[in-house]
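> One structure follows; several queries about it will come next.
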Amino acid sequence: MVTDATVQGGSGAGGGAPADDLILQMRGISKEFPGVKALSDVTLEVRRGEVHAICGENGAGKSTLMKVLSGVYPHGTYTGDILLNGAEVQFKGIRDSEEAGIVIIHQELALVPRLSLAENMFLGNERSTNGVVDWNKTRAEAARLLQRVGLRDSPDVTPLDIGVGKQQLVEIAKALSKKVDLLILDEPTAALNDEDSAHLLDLIRGFRDQGITSIIISHKLNEIAAISDRVTVIRDGQTIETLDFHGAEPVTEDRIIRGMVGRSLDNRFPDHEPKIGEESLRIEDWTVHHPVDTERLVVDHAGISVRKGEIVGLAGLMGAGRTELAMSVFGRSYGSNISGRIYKDGKEIHIRSVGDAIRHGLAYTTEDRKALGLNLIQTIRENVSASALGKVANWWGVVRGGAEEVVAEKYRKDFRIKAPSVESVVGKLSGGNQQKVVLSKWVNSDPDVLILDEPTRGIDVGAKFEIYGIINALADAGKAVIVISSELPELIGVCDRIYAMSQGRITGEVPRAQATQEELMRYMTMEKAPAGAAAGTEGTN
């Protein structure tokens with residue numbers, strides 16, 4: 001059912017278009033996959049020159065709708081009509097949509113790691129003369145486009161030489177190398193830090209001033225409110241409403257959430273009364289060097305502790321060393337020249353491999369679930385059992401499929417993983433459900449300590465609430481939980497204590513009752529750790 005709840009109003013500052021000047025109309029779009037109706041009679045209208053946001057929970061159909069628009073799902077595989085500049089279009093593939101001026105940048109970056117930036121930007125769109133690539137023209141035009149998006153890097157460097165934030169800008173430069181009237185950005189800031197995100201949003205504002213229309217899919221509601229002229233909310237494959245940020249009625253984050261989840265979330269973090277016991281894990285004087293540049297310190301004499309039933313946060317800016325600390329502790333998965341001491345239940349332990357870490361009761365969920373946390377071509381059943389195959393194997397080491405299924409089905413129900421069965425392929429699940437599979441996989445190993453690295457990255461507010469509930473339940477079961485997150489409100493809302501890191505050092509420790517974003521940011525930007533902080537003694541335990 002489509003609800004007509006559009007908030008009327010002006011076109012907004014910064015280049016919004018008149019209400020009747022529509023660049024795009026999508027009418028009655030429906031799309032089915034085997035056993036799943038992804039879109040049902042979706043309607044979307046985008047005004048020329050505006051920034052139009054699309055919001056919805058994971059699995060709501062946002063990315064599917066954009067793949068229909070861009071020709072990834074060609075005409076004939078869906079029902080409904082697409083009108084561009086008032087004329088009906090029927091795209092058979094991406095090349096057709098690009099020729100019409102529509103360019104999509106997917107959430108998963110598609111740069112070829114070992115090709116130069118210039119080669120990546122014109123791959124399939126080469127600058128050539130008589131069929132021969134004109135490298136001088138290619139490099140010159142690449143340099144101009146890189147400069148346009150604010151990058152000073154040479155067009156001859158590769159994506160391996162630059163960070164994720166810059167790679168996202170290269171994708172935009174690549175889009176600008178084509179004739180673009182309508183730019184679609186799917187979760188463009190999901191993997192970016194605050195500084196890179198702010199730069200990208202400024203860039204999109206500049207495109208609006210230049211007359212380029214943008215559609216942005218994002219779970220970051222504060223960014224949507226800051227940049228968008230209007231937002232369309234999709235829930236369960238249906239259009240719910242379109243809200244105008246410049247209309248008479250104010251559009252708040254809570255108002256958008258109500259449309260996304262079908263109810264108000266008065267508190268974005270579930271209530272939790274901790275039951276904290278004895279110390280479970282202590283890390284002392286932990287030092288890690290870069291795996292290639294072995295002279296460079298990435299973790300500098302750090303020390304933290306976590307107790308049974310306690311949720312401890314780890315805050316820091318990108319490059320502070322949070323993930324490096326976690327991975328090096330978890331079986332020396334990162335770094336070189338690692339030194340320091342690890343104590344489990346008061347006794348020193350020695351961890352030389354991931355297998356050692358698991359045997360000592362540690363588990364680590366990576367920040368990159370797609371590349372490192374899951375096998376996307378395998379099923380839920382196979383992924384859940386992967387960290388503890390001995391539990392589902394017979395005396396000869398042969399995995400029993402029936403035992404795998406029982407275990408996976410338990411977690412599918414307990415963690416409310418939305419999938420028809422445990423035989424569903426993980427790569428086809430939404431981000432929130434993939435994250436629940438990662439948690440299931442490591443909880444299944446019966447750990448005493450769980451290190452969760454960015455456990456809610458790229459998932460919607462409804463799925464986040466469910467993940468927070470799982471984290472609380474793990475703590476209530478006596479597990480010690482360490483949460484690494486770039487979202488300070490998340491750390492403050494979930495954790496009992498929070499450590500801050502800067503330049504590889506622990507610079508402060510703040511109890512939940514005293515934690516504010518300003519206080520954490522003060523520690524996160526310290527150049528030198530205060531006396532005692534490296535051993536985890538700063539603040540209140």
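The values are calculated or read from the model by the stated rules, or taken from the named source; none is laboratory data. Model, not experiment: these values are computed from the prediction. Glycine also receives a Cβ, built like all others from the backbone with ideal geometry; neighbour counts cover every protein chain displayed. The area values use the complete protein model at the heavy-atom level, side chains included, leaving out ligands, DNA and RNA. Shrake-Rupley method; radii C 1.70, N 1.55, O 1.52, S 1.80 Å.
> Answer yes or no as to whether ARG230 is surrounded by fewer than 20 Cβ atoms within 10 Å (Cβ to Cβ) and closer than 29 Å to VAL36 by Cβ.
no
> Go through the residues of region 60-70 one by one and say whether even a single one is in contact with a Gly (Cβ under 7 Å, 6 or more places away or on another chain), among the small types (Gly, Ala, Ser) and either modelled with pLDDT of 95 or more or more than 28 Å from ASP244 (Cβ to Cβ) (or both).
The answer is no; no qualifying residue exists.
> Could you list, in sequence order, the residues of region 6-58 that are surrounded by fewer than 20 Cβ atoms within 10 Å (Cβ to Cβ), at pLDDT below 75 and within 19 Å of ILE217 (Cα to Cα)?
Scanning region 6-58 gives a single hit, THR6.
> Could you give every pair whose Cβ atoms fall below 6 Å, whose first residue belongs to region 208-220 and is among the β-branched types (Val, Ile, Thr) and at pLDDT 90 or above, and whose second residue is open to solvent by less than 10 Å² (accessible area, probe 1.4 Å) and part of a strand (DSSP E or B), counting only separations of at least 6 or pairs across chains?
Every condition considered, the pairs that remain are ILE212/LEU183; THR213/ILE23; THR213/LEU182; ILE215/HIS52; ILE215/ILE184; ILE216/ALA53; ILE216/LEU185; ILE217/ILE54.
> From the list GLU187, GLU223, GLU241, pick out the single residue that is touching a residue at least 24 places away in the same chain (Cβ under 8 Å), within 21 Å of VAL461 (Cβ to Cβ) and either surrounded by fewer than 15 Cβ atoms within 10 Å (Cβ to Cβ) or over 24 Å from the mean Cα position of the chain (by Cα) (or both).
One residue alone meets the criteria, GLU241.
> Separate question: If I go through region 124-151 residue by residue, how many of them are farther than 22 Å from PHE207 by Cβ, open to solvent by 80 Å² or more (accessible area, probe 1.4 Å), assigned to a helix (DSSP H, G or I) and polar (S, T, N, Q)?
Going through region 124-151 one residue at a time, the tally reaches 1.
> Go through (1) surrounded by 17 or more Cβ atoms within 10 Å (Cβ to Cβ); (2) under 14 Å from the mean Cα position of the chain (by Cα) for LEU176 and report which single condition fails.
Every listed condition holds for LEU176 apart from (2).
> Check region 152-165 and report whether any residue there is closer than 26 Å to ALA60 by Cβ, surrounded by fewer than 21 Cβ atoms within 10 Å (Cβ to Cβ) and hydrophobic (A, V, I, L, M, F, W, C).
yes
> Right, here's the next one. Need pairs with beta-carbon distance below 6 Å; first residue under 15 Å from MET327 (Cα atoms) and within region 291-302, second open to solvent by 60 Å² or more (accessible area, probe 1.4 Å); sequence gap 6+ or separate chains.
ASP300/ARG505
> If a residue must be under 25 Å from GLU108 (Cα atoms) and in contact with a Lys or Arg (Cβ under 8 Å, 6 or more places away or on another chain), how many such residues does region 407-421 contain?
Within region 407-421, residues that are under 25 Å from GLU108 (Cα atoms) and in contact with a Lys or Arg (Cβ under 8 Å, 6 or more places away or on another chain) number 2.
> ALA357: open to solvent by 50 Å² or more (accessible area, probe 1.4 Å) and without any contact (Cβ under 8 Å) to a residue 60 or more places away in the chain, yes or no?
Considered against the rule, which asks whether it is open to solvent by 50 Å² or more (accessible area, probe 1.4 Å) and without any contact (Cβ under 8 Å) to a residue 60 or more places away in the chain, ALA357 comes out as no.
> If you take just the strands (runs of 3 or more DSSP E) that sit entirely in region 253-329, which of them hold at least 2 residues that are surrounded by 21 or more Cβ atoms within 10 Å (Cβ to Cβ) and more than 24 Å from the chain's Cα centre (by Cα)?
Output list reads 279-289, 297-307.
> In region 330-345, what residues are small (Gly, Ala, Ser), open to solvent by 40 Å² or more (accessible area, probe 1.4 Å) and modelled with pLDDT of 95 or more?
Matches in region 330-345: SER339 only.
> Got a number for residues in region 72-99 being surrounded by 17 or more Cβ atoms within 10 Å (Cβ to Cβ), hydrophobic (A, V, I, L, M, F, W, C) and touching a residue at least 24 places away in the same chain (Cβ under 8 Å)?
Of the residues in region 72-99, 4 are surrounded by 17 or more Cβ atoms within 10 Å (Cβ to Cβ), hydrophobic (A, V, I, L, M, F, W, C) and touching a residue at least 24 places away in the same chain (Cβ under 8 Å).
> Filter region 361-402 down to the residues that are touching a residue at least 60 places away in the same chain (Cβ under 8 Å) and open to solvent by 60 Å² or more (accessible area, probe 1.4 Å), then identify the one that is nearest to ARG322 (Cα to Cα).
Per the criteria, the residue is GLU367.
> In region 408-419, is there at least one residue being over 23 Å from the mean Cα position of the chain (by Cα), among the hydroxyl-bearing types (Ser, Thr, Tyr) and crowded, with 20+ Cβ neighbours inside 10 Å?
No.
> Here is a further query. Could you grab me the full set of residues in region 203-224 that are out of contact with any helix residue (DSSP H, G or I) (no Cβ under 9 Å at 6 or more places or on another chain) and either of a type in the set (D, E, K, R) or part of a strand (DSSP E or B) (or both)?
Within region 203-224, ASP209 is the sole residue that qualifies.
> Here is a follow-up. Which residues, taken from region 445-474, are hydrophobic (A, V, I, L, M, F, W, C) and either under 17 Å from ALA371 (Cβ atoms) or in contact (Cβ under 8 Å) with a residue 12 or more places away in the chain (or both)?
VAL449, LEU450, ILE451, LEU452, ILE459, VAL461, ALA463, PHE465, ILE467, ILE470, ILE471, LEU474
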